[in-house]
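Values quoted throughout were computed directly from the atomic coordinates according to the rules given, and no laboratory measurement underlies them. Note that the structure is predicted; figures quoted are calculated from it, not measured. With ideal geometry, Cβ positions are generated from the backbone for all residues, glycine too; neighbour counts draw on all protein chains shown.
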Amino acid sequence: MVAAARCTAGTRALGPVLALVLLIGSPGRADAQPVSSALDRARAAFALRKYELVVKILRPELYPRSKLYTEAEEVEAYKLMGISHYWLSLLSKKPSDKRMHAKQAERQLSALLTLRPRFRLAKLRYTAHLRAFFKKVRKKLKAAASPLKALESELKYCRQKAALISRSFQKYRGRCRSRVEVTTSIQKRYFFWNFVPFGAGQFQNGQKLKGAIFAVTQGAMLLLNITALIIGETPFVRDDPNRSVANNHKSRARAADIQKLTIASGTIFWSLVAWGIIDALVFYKKTTVIRHRRLIPLGSPNVGLSPELGSGSLLLSLHARF
C-alpha cells in the first residue's frame, strides 16, 4: 500500500516534466497544434519554475498582438508572465535586470487587471510578498485612473495656461507703455545710374534680386568675350610664324570658332546692357520716401518742481509727465 502511494506520488511529480519534454521535444507536432498549446507549454514550464522559458513561450503569443483564442487564456497568460517576471526580478543578480523584470511584472499584471479588475491571487498558492506586490500594482493602477488624478492633471494644465496668459499680458502691457515713432526720409536718385551696366540702375531702384541677376549674367558674358579675344591672339590660334592664322583647314576652323564665340558673347552682353537700361528707366523715380518705424518706451508718470529765475525774483515751476 505504501509502495503504491509512493509510485502514485512519483508519477504526479514527473507529470509536468513529461508534458514539457513531449511538448518541447517534438517541434513538428507542436506546430500542428492550435495556438492555445503554447499556454499548456507555459503552464508546464511554470510548474517546473523555469520562468525564463515561460516568458520566452508567451511573449510571441501576446505581443505585438494576442494570438490566443479567448479572454480567459489572455488573463492566464498575463498572470503567468507577470509572476515569472516577478520571480526573475528576485532571482537576478544584476540591478539593471532586477529593475527590468520588476517593470515587466508590473506591466503584465496591469494588463491582467485591465481585463479583470476584480482578479485576486489565491492565498494558499502564492506568497504574501507576491500578493503584496499585486496589491501595489492594483493600487497604482486605480490611482492613475481615479477622478482625483484626472482633476490633478486638469489643474496642472490650468496653471500652465494661466502662466502663459500672464506672460502674454505682461508683454502686452510693455507694448502699451510705448509709442511708435515714424521717421520719414527722402532719398534722391541720380539719373545717370540708369545707364551703368551690371544692374546699377536696378540696385538704385531698390530691386536687389533683379540687379544681382543683371550683374551676374552681364559679368559672365563680358568675361567670356574677353577670354575669347585673348585666346584669339595666342599661339593656340595664330600658329603661323608671322602671328597669323596658318593656311590649313584645322587652324582656320579653330579661328572661325573663336570668332563666333567672341561675336555671340559680345552680342549677348550688349543686349543685356540695353535691357538693363530700359528696365531701370521704366522703374526710375527721382525721389523716394522711406519711413522708419520704431517703438519708444514711455517714461513713468511723475510730478516735480523746478526753480526758475525771473525778473528780480525766484519762481518755482510745476511740471508733470504722464
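Points worth noting:
- Sorted peptide list for 108-114, 265-271, criterion being average Cβ within 10 angstrom, highest first: 108-114, 265-271
- Extended-chain gain in nm, criterion 0.36 nm per residue less alpha-carbon gap, V196 and L124: 15.7 nm
- Whole-Hz ³J(HN,Hα) from phi, Karplus 6.51 cos²θ - 1.76 cosθ + 1.60, for the stretch 90-98, glycine and proline x: 7, 8, 6, 9, 7, x, 5, 5, 4
- Relative exposure of F192, F283, F214, judged by other C-beta atoms within 10 Å (fewest first): F192, F283, F214
- Unsatisfied cross-links (Cα-Cα over 27 Å) in the set K94/K136; K98/K136; K210/K286; K94/K156; K210/K260: K94/K156; K210/K260
- Scalar couplings 3J(HN,Hα) for the stretch 111-118, obtained by applying the Karplus form with A = 6.51, B = -1.76, C = 1.60 to θ = phi - 60°, are 5, 4, 5, 5, 7, 10, x, 9 Hz; x denotes Gly and Pro.
- Residue by residue, the stretch 70-77 carries 3J(HN,Hα) couplings of 10, 5, 4, 5, 5, 4, 5, 5 Hz when phi is fed to the Karplus relation 6.51 cos²θ - 1.76 cosθ + 1.60 (θ = phi - 60°); x denotes Gly or Pro.
- Ranked list, fewest to most other Cβ atoms within 10 Å of each Cβ, for L88, L141: L141, L88
- Taking amide H as placed 1.01 Å from N in the peptide plane, V196 has its amide H under 5 Å from the amide H of G201, each at least 5 places away in sequence or on another chain.
- A Förster radius of 51 Å combined with the Cβ-Cβ distance from I290 to T227 puts the calculated FRET efficiency at roughly 0.80.
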